[in-house]
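Worksheet: the structure to be examined is printed underneath.
The values are calculated or read from the model by the stated rules, or taken from the named source; none is laboratory data. These figures come from a predicted structure and were not determined experimentally. FYI the Cβ positions are ideal-geometry reconstructions off the backbone, even for glycines, and counts take in every protein chain you see.
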Amino acid sequence: MRTVILTLLTALGVAILGGFAFIYSGVYDVGATRPHWPLTYWAMETVRMHSVKAHAAGIVPPPWIAEETKVVEGTAHFAAHCASCHGAPGVPPGDIADGLYPRPADLKNSAARYTPGELFWILKNGIKMSGMPSWSDHGDYELWVTVAFLEKLPGMTEQAYGKLVIESMGRGGRHNSGDPDEMPGSMPGMDHGSMPGMVMPGTAMPAMTVPEKSNVHKH
Ligand code: HEC
């Protein structure tokens, strides 16, 4: 019995030392140009999926989530802040998406993968070590209308998206984070309808706005 315990302890010690040697040796390539090993990829995906599901448990969407007006509001938010990385129907992702690893996913299947509560959690918290930012400073209301949009995204045609974008611009394309400090007084009536991120589908022009977290004017 003693020998068994000693052997196990030695094996554990060697494994720990090996782990440290690996970390400090620099052999691991952190470059975004080198894809993960299939095992690393699987581990990260599985951790992410289970983490989101566990942390979002119990988050209930507001009753208006399927209302058309909310979807229109969500479109404005999505076009201004998300399409640059994730693209939209008829709108290819912008330059920044090409260099990111992992590549920002096409979100047309996200609503099938995640519940509205889980999507809300992802938007609010972001995803560590992936390039997906947390949008918690945008306020819950704005995140929920974006989820309302994501729920309608599966199967959305280029034409339907274009119509939503135009509708949201008709309303000024403005969205409010619900945070009075969010709209700096120096930018009265800041309007997403005129922002370059608001790219019309079919124009082949990638969304150009990349949200700058350090920028005072997040909108
Ligand atoms: C700077 C680029 C960037 C921006 C801007 C961005 N994302 Fe992401 N997002 C990512 C990356 C990278 C991932 C992780 C990619 C992967 O592994 O699927 C991700 C993941 C996600 C996921 C999870 C996808 C999945 O299948 O697990 C959702 C949902 C999502 N983003 C929604 C949004 C929404 C909505 C917005 C706008 C409010 C947004 N993202 C803005 C880069 C971005």
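General observations
- Among the residues making up the range 88-97, those that are in contact (Cβ under 8 Å) with a residue 60 or more places away in the chain and surrounded by fewer than 24 Cβ atoms within 10 Å (Cβ to Cβ) are Pro89, Gly90, Pro92, Pro93, Gly94, Asp95, Ile96.
- All of Ala66, Ala43 fail the test of being part of a helix (DSSP H, G or I) and of a type outside the set (S, T, N, Q), apart from Ala43.
- If you check Ile59, Ile16 for being modelled with pLDDT of 95 or more and part of a loop (DSSP other than H, G, I, E, B), only one passes: Ile59.
- Each residue in the range 99-128 was checked for being more than 18 Å from Val47 (Cα to Cα), within 8 Å of the ligand (Cβ to nearest atom) and buried (at least 17 other Cβ atoms within 10 Å of the Cβ), and 1 pass.
- Residues in the range 129-159 that are touching a Pro at 6+ places or on another chain (Cβ under 7 Å) and part of a helix (DSSP H, G or I) were compared, and the one that is farthest from the ligand (Cβ to nearest atom) is Glu158.
- Residues of the range 51-92 classified as on the phi > 0 side of the Ramachandran plot and more than 13 Å from the ligand (Cβ to nearest atom), total: 2
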